[in-house]
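For reference, the structure is listed below as structure tokens.
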């Protein structure tokens, strides 16, 4: 009967079960091994940044919100003017 239940278990149900079971594991090396396996099967890549980089990102977002940026088309125009001036 258990094998039958496992076969008809949906991906969502299986994910929920795994989340609960993983939460019970305290073995760091085992969890790291699981993370390696999971990382190899996901499309999302995590980029680790230090505090200085985080601060730069936050500041850049603020500048964009305030309109303190130049669009690519304007930069292209400026660049072409510079090229033609030589």
task = Compute the Cα gyration tensor for the chain, then decide on rounded, prolate or oblate, letting a ≥ b ≥ c be the square roots of its eigenvalues: rounded whenever a/c is under 1.5, prolate when a/b is larger than b/c in the other cases, and oblate in all that remain.
result = prolate
note = Rounded to the nearest 10 degrees, the helix 51-65 long axis (Cα) sits at an angle to the longest Cα principal axis of the chain of 60 degrees
task = Multiply the residue separation of residue 21 and residue 57 by 0.36 nm, subtract the distance between their alpha-carbon atoms, and state the gained length in nm to one decimal.
result = 9.4 nm
note = Summing -39500 (n - 2.57) over every DSSP H run of at least 4 in the chain, dividing by its residue total and rounding to the nearest 500, the 222 nm mean residue ellipticity is -23000 deg cm²/dmol
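Read-outs throughout are calculated quantities, based only on the coordinates presented, and are distinct from any laboratory measurement. Everything numeric here is computed off the predicted structure, so don't read it as measured data.
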